[in-house]
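Chemist: The following block contains the structure, expressed as structure tokens.
The values are calculated or read from the model by the stated rules, or taken from the named source; none is laboratory data. In this text the structure is predicted, and so the values were computed from the model without any measurement. Using ideal geometry, Cβ is built from the backbone for each residue, glycine included, and neighbour counts are taken over all protein chains shown.
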Amino acid sequence: MYRKSELLPHQIHWITIVIFAALAIFPCLNPGEFLIDVIFMLFHYAYLALCWNLISGFAGQFSLGHAAYYGVGAYTAGVLFMRFGLTPWLGMLLGPMLTAALALAIGYPTFRLRYHYYALASLALAEVMRLLFLSWDYIGGAYGIWYKPVLRYSWIDFQFTADHIVYYYIMFAMLCGALLLTWKIRHSDFGLRLMALRDDEEAAKSLSINTLANKLAIATISAGLTAMAGVVYAQFTLFIEPDSTMSIWVTMDMLLPAMLGGLGITYGPVIGAFILIPISWALRAFIGSTLQVVIRGIILMLIVAFMPDGLLQVIINRITRPALIRR
Amino acid sequence: MLIQVILNGFCLGAIYSLVSIGLTLIWGTMKIINFSHGSLMMVSMYISFWLWLIIDLDPLISIFIIFPLMYGVGYLFQRFIIMPILEAERHAQLLMTFGLMLVIKNTVLYFWRADYRVVLPFYADLFFRMGEIVFDAPRVIAFTAAIALSIGLHFFMTKTSTGVAIRAVAQDSEAASAMGINVHKIYGITCGLGTAFAGVAGALISTYYPVHPDVGTAFMFMAFVTMVLGSMGNYLGAIVAGLIIGVTEGVTAYLLSSSIRQAVAFIVFVLTLLLKPEGLFGRVLRR
Amino acid sequence: MKVDKRAISKVVAVVIAVIVIVVAVSGYFAYTTLFPPTPKVTEVRIGCPYPLSGTAATIGLDCKPLIEWFIDQINKEGGIKSLGGAKLKAIFADTESKPEIARVQAAKLITEDKCVVLMDGTLSGNALTQAEECEKYGVPIILGASSSPTLTESGFKYTFRHWAHDKMLARSLFAFLKHLEKESGKKVETIAIVTDNTLFGVDCGKAYKLANEDPEVGGYKIVEYIEFPIGATDLTSEVARLKVAKPQALFLSVTVAGDCILLQRTFKKMDFNFWALFSASGHHMPEYAAIGKTAWYVYIRLPYGPDLLTAKPWVKPIADKFKEMTGREFHAYPAAAYASLVLIREVLEKCGSTDPKKIRDTLAEIFISPEKLPLAHGGIKFDGNGQNIYALPVINQLQETGWRTVGPADVAVVKAIFPQPTWAERGD
């Protein structure tokens, strides 16, 4: 199981710092917008995978409907800007608030469902939301929200079509923040309680851990953070529609890096994203997108078959030899 | 008109039942949710189409080919995909079949493109009219075949030793094993049977519904709803629940609005999970 | 728990990190040195961000071989003469039918592949994000088939669309209905609008409603407005509602051929009769007509119909080549792509430069005469918003002899069959 993640050698922090420092100065090399965009997406998915990992990896509530929070975040920004003329930065506040409320509302009844049932329920709820958003004319329905492009550099309007580098840094900052937050949670009492209830809920309850309260807490954090990424997506693409933001495929994109890298491990999703995203873009260039999805499906199946706890867990097992009994 | 809608809902529901029988059997015995079920059905729709196009074989006759073929596919599926993850983490089980679904769907998309293929059997435009109510032959045949297969399945499950063994394994696989049942062989048979049923459903649907790589997804989602409503693991429940969902979907679209027809089914799904997770036919679920 | 001593030491970790960075950076510089992004002077790059996967894949996959073939032909004929025989090169980038990928790919085509002009002809949502990128970089984009009005109403200076937009197209259908009424002497009172829940469907639905509010062409009573989910498993309930509402004419915008087929067959099954069905799209795909008699009598407003081959026989070899390459009948979308290429070629010849700004200025001025286009447009001339003012939607009806051009009056080849025969009259 993934309980052994506390044995990650602290060297990984140094590696991360160096690589991140390099990424921080990378844009100064003037690499061209395409690479900036690709790395932006890398950060984006690493961030999303981290958010997803909070609830699914740490708390064991395998959420297949996380895209709902993402979409709500995106739509919050869009509606604020296009309908009310307010700055989308407000969406960074309002979005997480809305999704936190949503997470509470969804989590309260569904968290007592056992594993597979929770997964199906979260999937169904996300689909319901997607279908409802498709029919909801006030926010555009299937037409979606089309931003009136500002086409320059505007901090107040949160649009930087003129220079994507700003998005790069915003996402980078968010990623670092999420990573730190994840690390802090992981090494806190809160994190311990979460992992306890993940590994054995009954035992955790017998230790008088309020499993529901803890799960709801992490769910709101996870949902809120996901919503913030949704806001960034909205401001990057300048076009929001239910199918691109709330479908099961979006959730799949979120969870694949986490699965690859290591569920329930702080760095897992980041490593997974750093491997997966460049590979998928390279594949796109060489074999086309359809086959690229096939390869991703195969990768998913292989991960699940041979290293269901993720790459990082395998590495940890190799490094820190037992004493621990390998599964 | 409402009667027409309701009756049509039954026909639609019978197909949902057929697809979800496979899902529910697989869950009942192996506790695996098979996300690739829909895509396997889609593949059999393509097989039905190609057989019709190339050797002019009517889909109803091709069922006799598809049933054993998909049975074999299901058996191999169990052997190579499910077997390795039977004892694995739950998230592994969920995602393995999801990955397979991605692979199958996109491979089909890559080779056979996104064009819609239509099978036009000679009875495609054969209608039976009773006053205002009309039935089209393909759907009537599909309904009849689905019901017949369901009855056949029931006989199989109750009167044959294999069927009983499957039910035993679904109820308690350890005890069944202790009684001398080869549990793994039963898993294989169940998977084969479930996939074969999905294959037949595909062949039946292809007589009136255009074939496309995305077809599996829509039917599969409905099959999930049906499976949960009819109590996961309970194949009789799946049959009844399928009919209920089919009628509900049709009536919602008629009386309320088409745009929420799918949403209503999902809401039913969530409510069932929350309020009565054992489904309508409350079986005690294994831990 | 103590970490095993065989764990990597701190020094080794730093060394690994440094090596990774050095490799990455040098790899990048090697890449840009070995594959210099600046194109050879004798090549003009055309970016084609088409969807080659995802929901709109069929269109992209249809257009790609035709585009590549036509460019090949142009190059064989000597390329762009005013640029000293420069060859054209099409660079495709799969947008996967997703708007954010479309944006990134458009940017890539401009910044990495150094394309000087882009062409696209599919989903309007994707076209929007691409148009924004083009506007930012000052590279013109030519839209073939993205019909949302917003694309030419957003003040873009670098977006040019030679196809009509939905409002024009909806209006043309309504106008045609009025014409049919006059011709046949039968008055239509009630209509119904049926769309799927995609962006295109909803957009067209709105355009229909808007056209109906125009007293000149509209004024009908909308007795039913149905928006069904794309890829629905069954449409009997929807048709039942229609049957109860009894519209005399239907206005559809159904994106995928599968739903068109399902709907039409359900009409037949339920014996739902009406006088005319006007479609925005979907029905023109070859799979629809393949279902035989049931498919007949629908009208579609597209700038290409097989009757064009009689009016413009030079298109026939192109249609045949398309059939040879893809196995499918030539239809409006690849024709639009071809027209875009004709436009690009003319513009490059006239402009004599590969500067995107100059290309853009030439586009704003140029006039292409209709004989050069495999479409029914009256030519190409863009207004201040980049919309082709000669975008003439032709109305085709699927009759026994295939898709026939029945309107507008000055281009009609055969008479429309209105009202369409009932299911009983059609026989089996």
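Chemist: Which one of the conditions (1) touching a Ser or Thr at 6+ places or on another chain (Cβ under 8 Å); (2) buried (at least 24 other Cβ atoms within 10 Å of the Cβ); (3) more than 14 Å from chain B (Cβ to nearest Cβ) does C:LEU173 fail to meet, given that it meets all the rest?
Modeler: (1)
Chemist: Continuing with the same structure: Suppose we filter C:VAL254, C:VAL188 for residues that are of a type outside the set (S, T, N, Q), over 22 Å from B:VAL211 (Cβ atoms), in contact with a strand residue (DSSP E or B) (Cβ under 7 Å, 6 or more places away or on another chain) and not assigned by TED's automatic domain parsing to the domain that holds C:SER124; which single one remains?
Modeler: Of the residues listed, the single one that is of a type outside the set (S, T, N, Q), over 22 Å from B:VAL211 (Cβ atoms), in contact with a strand residue (DSSP E or B) (Cβ under 7 Å, 6 or more places away or on another chain) and not assigned by TED's automatic domain parsing to the domain that holds C:SER124 is C:VAL188.
Chemist: For segment B:32-125, give me every one of the helices (runs of 4 or more DSSP H) that falls completely inside it and has 1 or more residues that are without any contact (Cβ under 8 Å) to a residue 40 or more places away in the chain and within 14 Å of chain A (Cβ to nearest Cβ).
Modeler: Qualifying helices (runs of 4 or more DSSP H): B:90-112.
Chemist: Can A:ALA68 be described as more than 14 Å from chain C (Cβ to nearest Cβ), under 11 Å from the mean Cα position of the chain (by Cα) and buried (at least 21 other Cβ atoms within 10 Å of the Cβ)?
Modeler: Against the criterion (more than 14 Å from chain C (Cβ to nearest Cβ), under 11 Å from the mean Cα position of the chain (by Cα) and buried (at least 21 other Cβ atoms within 10 Å of the Cβ)), A:ALA68 does not qualify.
Chemist: Which of the numbered conditions does C:PHE251 fail, given that it passes all the others? Conditions: (1) closer than 26 Å to B:LEU255 by Cβ; (2) over 24 Å from the mean Cα position of the chain (by Cα).
Modeler: Of everything listed in (1) closer than 26 Å to B:LEU255 by Cβ; (2) over 24 Å from the mean Cα position of the chain (by Cα), C:PHE251 misses just condition (2).
Chemist: Taking the stated definitions as given, is B:PHE219 within 12 Å of chain C (Cβ to nearest Cβ) and among the aromatic types (Phe, Trp, Tyr)?
Modeler: yes
Chemist: Output the residues belonging to segment C:211-250 that are part of a loop (DSSP other than H, G, I, E, B) and away from chain B (no Cβ under 14 Å).
Modeler: C:ASP214, C:PRO215, C:GLU216, C:VAL217, C:GLY218, C:GLY219, C:TYR220, C:PRO247, C:GLN248
Chemist: Moving on. Looking at (1) out of contact with any His (no Cβ under 8 Å at 6 or more places or on another chain); (2) in a helix (DSSP H, G or I), which is the one condition that is false for A:GLY60?
Modeler: That leaves (2) as the condition not met.
Chemist: Further, regarding this structure: Filter segment B:1-31 for residues that are among the aliphatic types (A, V, I, L, M) and farther than 30 Å from B:VAL134 by Cα; which is farthest from the other protein chains (Cβ to nearest Cβ)?
Modeler: Per the criteria, the residue is B:LEU25.
Chemist: What single numbered condition from (1) modelled with pLDDT of 85 or more; (2) in the same structural domain as C:ALA295 (by TED's automatic domain parsing) fails to hold for C:GLU349?
Modeler: (2)
Chemist: Can I ask one more? Could you say whether any residue in segment A:188-197 is crowded, with 20+ Cβ neighbours inside 10 Å, in contact (Cβ under 8 Å) with a residue 40 or more places away in the chain and not in a helix (DSSP H, G or I)?
Modeler: No, segment A:188-197 contains no residue that is crowded, with 20+ Cβ neighbours inside 10 Å, in contact (Cβ under 8 Å) with a residue 40 or more places away in the chain and not in a helix (DSSP H, G or I).
Chemist: Name the helices (runs of 4 or more DSSP H) wholly within segment A:208-327 that hold at least 2 residues that are β-branched (Val, Ile, Thr)?
Modeler: Per the criteria, A:211-237, A:248-261, A:268-287, A:289-306, A:311-319.
Chemist: Can you name the number of the only condition in (1) in a helix (DSSP H, G or I); (2) within 14 Å of another protein chain (Cβ to nearest Cβ); (3) in contact (Cβ under 8 Å) with a residue 40 or more places away in the chain that A:PHE81 fails?
Modeler: That leaves (2) as the condition not met.
Chemist: Within segment A:263-276, take every residue that is small (Gly, Ala, Ser) and away from chain B (no Cβ under 12 Å) and give me the one that is nearest to A:GLN61 (Cα to Cα).
Modeler: A:GLY268
Chemist: Picking from A:ILE299, A:ILE279, which residue would you name as being among the aliphatic types (A, V, I, L, M), at the interface with chain B (Cβ under 10 Å from one of its Cβ atoms) and over 18 Å from the mean Cα position of the chain (by Cα)?
Modeler: Exactly one residue qualifies, and that residue is A:ILE299.
Chemist: Across segment B:80-90, what is the number of residues that are in contact with a helix residue (DSSP H, G or I) (Cβ under 9 Å, 6 or more places away or on another chain) and over 26 Å from A:LEU291 (Cβ atoms)?
Modeler: 5
Chemist: Looking at A:LEU98, A:LEU113, A:LEU86, which is the one that is without any contact (Cβ under 8 Å) to a residue 24 or more places away in the chain and within 20 Å of A:GLY144 (Cβ to Cβ)?
Modeler: Answer to the selection: A:LEU86.
Chemist: Condition check: modelled with pLDDT under 85, farther than 25 Å from A:HIS164 by Cβ, within 13 Å of another protein chain (Cβ to nearest Cβ) and surrounded by fewer than 21 Cβ atoms within 10 Å (Cβ to Cβ). Does A:PRO308 satisfy that?
Modeler: Taking the combined requirement at face value, the residue does not satisfy it.
Chemist: Quick check: is even one residue across segment B:197-218 in contact with a helix residue (DSSP H, G or I) (Cβ under 8 Å, 6 or more places away or on another chain) and more than 25 Å from B:ARG117 (Cβ to Cβ)?
Modeler: no
Chemist: Determine whether segment C:93-106 contains at least one residue that is at the interface with chain A (Cβ under 9 Å from one of its Cβ atoms), of a type in the set (Asp, Glu), under 24 Å from A:TYR45 (Cβ atoms) and surrounded by fewer than 24 Cβ atoms within 10 Å (Cβ to Cβ).
Modeler: Looking for residues that are at the interface with chain A (Cβ under 9 Å from one of its Cβ atoms), of a type in the set (Asp, Glu), under 24 Å from A:TYR45 (Cβ atoms) and surrounded by fewer than 24 Cβ atoms within 10 Å (Cβ to Cβ), one finds at least one in segment C:93-106, hence yes.
Chemist: Something else about it: From (1) touching a Leu at 6+ places or on another chain (Cβ under 6 Å); (2) within 11 Å of chain C (Cβ to nearest Cβ), pick out the condition that doesn't hold for B:MET227.
Modeler: (2)
Chemist: Also: Return a yes/no flag: does segment C:288-307 have any residue that is over 26 Å from B:PRO213 (Cβ atoms) and assigned to a helix (DSSP H, G or I).
Modeler: Within segment C:288-307 (the criterion being over 26 Å from B:PRO213 (Cβ atoms) and assigned to a helix (DSSP H, G or I)), the answer is yes, since at least one residue qualifies.
Chemist: If a residue has to be over 17 Å from A:ILE55 (Cβ atoms) and facing another protein chain (nearest Cβ under 8 Å) to count, how many in segment A:244-262 make the cut?
Modeler: Within segment A:244-262, residues that are over 17 Å from A:ILE55 (Cβ atoms) and facing another protein chain (nearest Cβ under 8 Å) number 1.
Chemist: So which residues in segment C:312-367 are outside any helix (DSSP H, G or I) and touching a Gly at 6+ places or on another chain (Cβ under 7 Å), if there are any at all?
Modeler: C:PHE367
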